[in-house]
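The values are calculated or read from the model by the stated rules, or taken from the named source; none is laboratory data. Quick caveat: nothing in here was measured; it's all calculated off a predicted structure. We place every Cβ from the backbone using ideal geometry, glycine too, and count neighbours over all the protein chains shown. The protein model used for the area step is the full one, side chains on, heavy atoms only, and it has no ligands, DNA or RNA in it. Shrake-Rupley method; radii C 1.70, N 1.55, O 1.52, S 1.80 Å.
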Amino acid sequence: MRLEGKHIVLGISGGIAAYKSAALLRLLIKEGAEVQVVITPNGKEFITPATLAALSGKPVVSEFFAANTGEWHSHVDLGLWADLMVIAPATACTLAKMATGVADNMLITTYLSAKEPVMVAPAMDLDMFAHPSTQRNLDTLRGDGVIVLDSPSGELASGLEGKGRMLEPEQILEKVVEHFESASRKDFAGEKVVITAGPTREKIDDVRFIANHSSGKMGMALAEEFASRGADVTLVCGPVEGRKPVDARVKTVKVESALEMLDAVKKEYRDADVTIFAAAVADYRPEVAVAGKIKREERGPMTLSLVENPDIAAEMGANKREGQVNVGFALESDNGLQNAAKKLDAKNLDLIVLNPANRSDAGFNADTDIITLIGRDNMKEEFPLMTKRQCASVIANAVAKIAR
Ligand code: CTP
C-alpha cells in the first residue's frame, strides 16, 4: 500500500471520462488512501454519487449545502484535511474556471481554498484541447503551480493523436504515488549543495551600476528543492529585491559584484558535492569604480571602459575534484543546443540547463520556464513549460542520476 494514510480530494467534472474516475477512486483506496470525492453538477450526469460514495466510503460532496440536513459543506476544511487534490477528469470548462477563479461550484471553491498541491488530468476532444484558449488556461494553471498531467505520454504524444484524452486511471495513480514519493524523498541527505543566483551589480560609481534582469527565482527554486530533499544548501545570491528562499534551512550569502560572488563561491566550493551556477553573472565590469558620484559637467561625452570578469563556473570547473558535480545554465536566443553543448565542455560541467532568452514565459524573471537538460554522453531531455519549482525538481532528479 503506497498511499497509506494519505488524504486525497478527488475532483470530478462533467466529461465522458468521468466513468473512469470510479476506477481511479478504487485504485487510490486500494493503495490505502482516504478519498473525499467532490463532484460538479455536470459530473453527476456522467457518474452517480451513489457509486462514488460506496467506493470511497464517504458521502460525496457536490452542493454547497447538504440536501438532507442543510449542513454547510466546508471547502476550507477540505483544503486543510487534504494532502493532494486530483481533478480527473478536468474538462475545458473546469480548467477555465480554475484559471479565472469562477467559483460557482464546490469543486472550484475547494480548488481555490486548497492548501495542498493540485493535479489535473485534462479530458476533452482534441479540437478543444488544442484551442489557444484551453492552452492558455493550462499555461496559467501551470504558472499557478498546478501539476498538469499531459495526456498521453510516450509515443502518442509525439503526434497529436490522443492528445486531450484523459490519462488512464493506472497512469494517474502512478503520478500520484510518484508525487508523494518525491515529496518525502531525501536523496540529497548529507550532501552540500552550493547554488549561485540572481544578477550581479558592477559599480560605475557609488550610485550607478551595470546589472541585468535576472530575478533569482530559478536559483531560489533550486535551493528550496534541494533543501526539501535533505541537502545542506548554500545560496550565493546577487541583489534580488525583497526576495529570499522561503525555506529557513537554506543558508544565504549575499553578494553584489561578480568578484564578490567568485570569492564567496570559492569558499563554499571546496567541500561542495553539487554546485549549480544559476546566476546571471555580468561578463564585464567598469575598469574603475569611481568613488562618489560622477558629475554631469565633468563628463561630456563619456565612454565606459570595461574589463572582463572571471567566469565563476569555468574556474570552479577547472578545479573540480573527483565526485563533484557542476551544473550550469545557458540562456540562449539562437542555436541553443550547440551553444549549450559548447558551454558544457568549456566550463567542465556535468549538466547544463538550456532555456530560451526570447520568451516572456521562460528565462529571466518569469515564474515558469521551458528547459532542456544536456549532459555527458549525449544525454538530452526536453521538458514542456513548467513552474521553476517543477524545473528545479527535474534538475535535481537529473543530478541524482549522475554517477559520483
Ligand atoms: N557564469 C559564471 N560566471 C560568469 C559567466 C557565466 O559562473 N562570469 C555561468 C552562469 O552562471 C551559467 C553559465 O556560466 O551557469 C553560462 O553563462 P552564460 O552567461 O550563458 O555564458 P557565457 O560563457 O557568459 O556566454 P555568453 O554570454 O557569450 O552566451
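Scanning segment 6-25 for residues that are buried (at least 24 other Cβ atoms within 10 Å of the Cβ) and of a type outside the set (A, V, I, L, M, F, W, C), we see that the one that is nearest to Val76 (Cα to Cα) is Gly11. Look at (1) touching a residue at least 24 places away in the same chain (Cβ under 8 Å); (2) in contact with a His (Cβ under 7 Å, 6 or more places away or on another chain) and you find that Ala66 fails only one, number (1). Kindly indicate whether Asp369 is acidic (Asp, Glu) and within 15 Å of the ligand (Cβ to nearest atom). Yes; evaluated as a whole, the condition is true for this residue. Screening Arg26 against (1) touching a residue at least 24 places away in the same chain (Cβ under 8 Å); (2) not in a helix (DSSP H, G or I) leaves a single unmet condition, (2). Applying the selection to segment 371-383, what residues are within 25 Å of Pro245 (Cβ to Cβ) and modelled with pLDDT under 95? Hit for segment 371-383 is Phe383, nothing else. Screening Glu155, Glu178, Glu161 for residues that are open to solvent by 60 Å² or more (accessible area, probe 1.4 Å), acidic (Asp, Glu), at pLDDT 90 or above and over 26 Å from Val236 (Cα atoms) leaves exactly one candidate, Glu178. In the condition set (1) touching a Phe, Trp or Tyr at 6+ places or on another chain (Cβ under 7 Å); (2) in a loop (DSSP other than H, G, I, E, B), Phe226 is compliant with all but (2). Each residue in segment 231-247 was checked for being more than 16 Å from Arg389 (Cα to Cα) and surrounded by fewer than 24 Cβ atoms within 10 Å (Cβ to Cβ), and 6 of them qualify.
For Glu241, state whether it is more than 16 Å from the ligand (Cβ to nearest atom) and in contact with a Ser or Thr (Cβ under 6 Å, 6 or more places away or on another chain).
Answer is no for this residue.
The number of residues in segment 306-350 being in a helix (DSSP H, G or I), among the hydrophobic types (A, V, I, L, M, F, W, C), more than 11 Å from the ligand (Cβ to nearest atom) and open to solvent by 70 Å² or more (accessible area, probe 1.4 Å) comes to 2.
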